[in-house]
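Below is one structure, written out as structure tokens; the observations come after it.
Only the coordinates and a few stated rules stand behind these numbers; no lab work does. This structure is a prediction, so every number in the text was calculated from the model and none was measured. We place every Cβ from the backbone using ideal geometry, glycine too, and count neighbours over all the protein chains shown.
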Amino acid sequence: MTTPEFHPFLETDPDIALFRVLRDDGSTDPATDPHMPDATLKRAYREMRRLRILDARMIVLQRQGRVGFYGAAHGQEAVPIATGLLTQKDDWVYQALREQSVMLVRGFPLEKFVAQIFGNSGDVLKGRQMPSHPSGREVNHVSWSSCIGPQLTHAVGTAWSMKIKKQKAVSIGFCGDGATSQGDFHNAMNFAAVFKAPCVLVCQNNQWSISVPTARQTITKTIALKARAYGMPGIRVDGNDILAVYKVMGEAMKRAREGDGPSFIEAFTYRMGAHSTSDDPTRYRSNDEVEAWAKKDPLDRLRRHMVHKKLLTDAQDKALEEELTAEVAAAVTAVEALPPPPRESLLEDVYAEMPWHLKEQLLELQNAPPAPGHGG
């Protein structure tokens, strides 16, 4: 089953049309260009490059049995990278599976990020969460739930709290196209609109909710169209065009920050790889479909724009790839050498002050011999 046929470039309604900036030759549409500073463009390209390299390395590690699970963002890098570049210090981010890189752009250390995937003693979550479900309080980044959808209501609740406290911060909640069939999506949309919560809700419509196509999720022409029923602005953006995402996301965040309420964004993109390392996409989609979307690769499109603006040469690109590959390799080497979390950490973070029965259990645990191969 395929998505309903229509012509988004002939539409003028923002929740049906597809907002774009980049042209195929690397130039931009003057009417929509956000005029990103050269330094921001270079940062965006560097972050997208690093994420592509990091994802590829993590998948190799999973195949080798060195980490347990990973969900790559290949083909969807533009949305999280643009978001990370736009957020301010006090903003909160509630990711779905493919937005974990927002925290890297916001300054979360790469080694701590990789340690979460390994779940060892370098992990700020102390090995308690699945890989690709990271959190980082230092960058206000909250883990998602594998039970699809509830992070949207959490994002809206955080935004409501910000409004009550008269803060100027923004909460950003992400979901995939499959989550729009969940009750949490509708609860979040309705509450956000009714109470004018300062949030941006973003659906990365990557065409597939694991093996279920978007056409099985909704009969509306677009997902962005749903915002109209809830009384909030909705816009459909080319999710493989980082300049377009940067402009749309920036305007939505500005609107929320100024007290004008929430916005909904449908980023129209494509998941180039498997849903996760537990998935085989060849069982439900064609190679022709994948190859067609490969021609719209967000990293390639940004690279053409950088070359067009004379901000990048082949030699510079090669040097950058070598530098980032070495950075990722060094992080993996450092993190993989770390031991597991100490056993005592099992009983931490349960109470502000440890009660007597946990103190007894802790003492028993400390006196017990270590499990084979774990060295305590």
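Brief remarks on what is shown
- Inter-label distance, nm, simple model (7 Å from Cα along the C-beta direction), Lys168/Asp33: 3.0
- Check: segment 282-327 dipole with +1 on Lys, Arg Cβ and -1 on Asp, Glu Cβ, in debye: 340
- Taken about its Cα centre, segment 163-278 carries a charge dipole of roughly 420 debye when the Cβ of each Lys and Arg holds +1 and the Cβ of each Asp and Glu holds -1.
- Taking Met253, Met58, Met306 as the candidate residues, the one with maximal mean-square fluctuation in a Gaussian network model of the chain, Cα springs under 10 Å, is Met306.
- Test item: Cα-centred dipole of the chain, Lys/Arg +1 and Asp/Glu -1 on Cβ, debye: 580
- Charge dipole of segment 297-375 about the Cα centre (unit charges at C-beta), most positive-ward option of Ala326, Pro370, Leu299: Leu299
- Across Lys221/Lys296; Lys247/Lys296; Lys126/Lys359; Lys226/Lys254; Lys126/Lys247, pairs whose alpha-carbon gap is larger than 28 Å: Lys126/Lys247
- Share antiparallel - DSSP beta bridges, segment 70-221, percent rounded to 5: 20
- Calculated mean projected area of the Cα convex hull in nm² (choose from (i) 20.7; (ii) 21.9; (iii) 17.7), label: (i)
- Taking other residues whose beta carbon is less than 13 angstrom from the beta carbon of Ser181, and scoring Lys, Arg as +1 and Asp, Glu as -1, yields 0.
- GluC sites (Glu not before Pro), loop per DSSP, at most 15 other Cβ atoms within 10 Å - longest free stretch of the chain: 12-257
- Mean residue ellipticity at 222 nm, helices only, the chain: -12500 deg cm²/dmol; runs of at least 4 DSSP H residues each add -39,500 (n - 2.57), and the sum is divided by the number of residues.
- Among Ala56, Ala315, Ala252: highest mean-square fluctuation, GNM of the chain, C-alpha pairs under 10 Å: Ala315
- Of all DSSP beta bridges in segment 8-336, antiparallel share, percent nearest 5: 15
- Options His357, Ala56, Val139, ranked by Cα towards positive dipole end of the chain, top entry (Cβ charges): Val139
- Cβ-based charge dipole, the chain, positive-most Cα from Leu125, Ser263, Ser276: Ser263
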